[in-house]
Each structure stands twice: as C-alpha cells, then as structure tokens.
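The values are calculated or read from the model by the stated rules, or taken from the named source; none is laboratory data. Not measured: the values here are computed from a predicted model. Backbone-built Cβ (ideal geometry, glycine too); neighbour counts: all protein chains shown.
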Amino acid sequence: MGAIWSWFLGIIFSVLQFFYGWTHDYGFAIILLTLVFRLAMMPLTSKQTKSMYELQAIQPKIKALQEKYKNNKEKQQAEMMKFYQDNKVNPFGGCLPLLLQMPLFIALIGVLGGTLQKPGNLLAHLIAHPTISKAFWVVLPDITKTPQAVYVAAAKAGVLAGIWAALPYMIFVALFGLSVWLPQYLMTKDPMQRRTGTIMAVVMLYIGFIYPAGVLIYWVTSSGWQVVQQVLMQRKLERAKGAEA
C-alpha cells in the first residue's frame, strides 16, 4: 500500500513539474494543478451541490416529521426514509463525491507540504535545488514556509516586523478561513449550521497558520472554484424550480 501511495504522490509531483515548465513559478503551477483537479471533479461536485440544495429545500418538512415522531424513533426513521424516496432525494448524495476527493486532497498536501525534517516532494526538490525560486510571483516570498515560521523569524526584530513580514501569508490564511465559511453560509439559512460553519472557519484559520504557503495556495484556489461553482449551480437549480412551478 505504501508503494502505491508513493507512486500516486509521484504522479501528482510530476504533473506539478509539468506545469512549472510552463510557468516557471511554483505558485502558478499549483494553481493550474488545482484547476485541472477541480475541472475533473466537476461532475461529482455538481452532484454534491444538487444533493445539498435539495436537502435544504425540504429541511422544514424533515424537521416537522422529526417533531411529529419524536417519541417513536423507529417510526420516525421509517417515515423519513419514505419521505426521501417520495421526493427522490438521497440524504447521502453529497457524501460520495466528497469522499472521492479526499485521496487526491491528502496527496496534494503530501506533495506540497512537509517540514524540513520530513519534507514533501516539492519542499525536498527546492531544498535540493536552492537556485530555484521559492517565491509565488510578487505575492509570497517563499511558498515552502508557514505563516507561523515567517512571523516568528521576523518577530525577533520586533512584533511589528513580524506582522509586516507575515502579512502576505496572513491574507491567504484569512482567504482560507473565508472560503470555508462562505459555502456553508450560502447553502443554508439554518442558524445552527451557520454557527457550525463559523466555528469550522475559525479552526481553519489556525490550521492555515501552521501549513506551508503552497498548501494555502491550493486551498484558496480550490475553495474559490467551489464557491463560484456552487453559486452558479444554485442559480441554475432555482431557475429550474421556478420553471417547474
């Protein structure tokens, strides 16, 4: 299994190297790799968005059923399954596309991430070839460093120096947190689910703070694509629903 996983990571890194040959910038190479990945996953993510939209549309009726049979869990479960079947909605329809994305998601983190003690493919490559630029255009000076490491290193000269040095990285951290919160906010009006999305976004701010900037470039690009696709898909579904009405 370890050999297969290493082979898979090698393929991801080879594709990244291919795009670097075009752009001569690993930041842009990561963006292109992410866009190709998201494009390939569009049929699955569209199905996921459609399933989530349909579930949100019937959420009030589901809550009414839960309240009606709250004292009889067996009856409640049977009635809810019947309700899903009658409305042709799969409550787990959004799970499979998400699960299928996870191996490549983890592989990308393995390729882009790592530490100096246990480097990922890209970090190891840049360490072995110090003449290659680690910068992402004029935006980030070094995509192998974490925002935390940049701040700590610069803060030795003062807190303001640390904040100024880490500012470009922190912008990506903030965008990452926003990209986690925004899809949840757009998809549901339920206060509880929105609060959950907000808590997740806050947690992701910390995660973004301790991950290499290359991983943040991937996350922000991927999530930005997801938000745009979700908005367009929702509008399409709402128009279709209005036409049926």
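Test Phe172 against the criterion of being touching an Asp or Glu at 6+ places or on another chain (Cβ under 7 Å) and at pLDDT 80 or above, and give yes or no. Spell out how you get there, then give the answer.
Working: touching an Asp or Glu at 6+ places or on another chain (Cβ under 7 Å): no; at pLDDT 80 or above: yes.
Taking the combined requirement at face value, the residue does not satisfy it.
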_Search result, residues across the stretch 198-245 that are in contact with a Gly (Cβ under 6 Å, 6 or more places away or on another chain), surrounded by fewer than 21 Cβ atoms within 10 Å (Cβ to Cβ) and modelled with pLDDT of 85 or more_ = Leu205
*Go through the stretch 147-162 residue by residue and tally those that are in a helix (DSSP H, G or I) and over 26 Å from the mean Cα position of the chain (by Cα).*
10
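Inside the stretch 94-146, can you point out the residues that are of a type in the set (Phe, Trp, Tyr), more than 16 Å from the chain's Cα centre (by Cα) and at pLDDT below 80?
Those that are of a type in the set (Phe, Trp, Tyr), more than 16 Å from the chain's Cα centre (by Cα) and at pLDDT below 80: none in the stretch 94-146.
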_Tally of residues being free of Cβ contacts under 8 Å to residues at least 60 places away in the same chain, surrounded by fewer than 19 Cβ atoms within 10 Å (Cβ to Cβ), within 15 Å of Gln230 (Cα to Cα) and of a type outside the set (A, V, I, L, M) across the stretch 3-61_ = 2
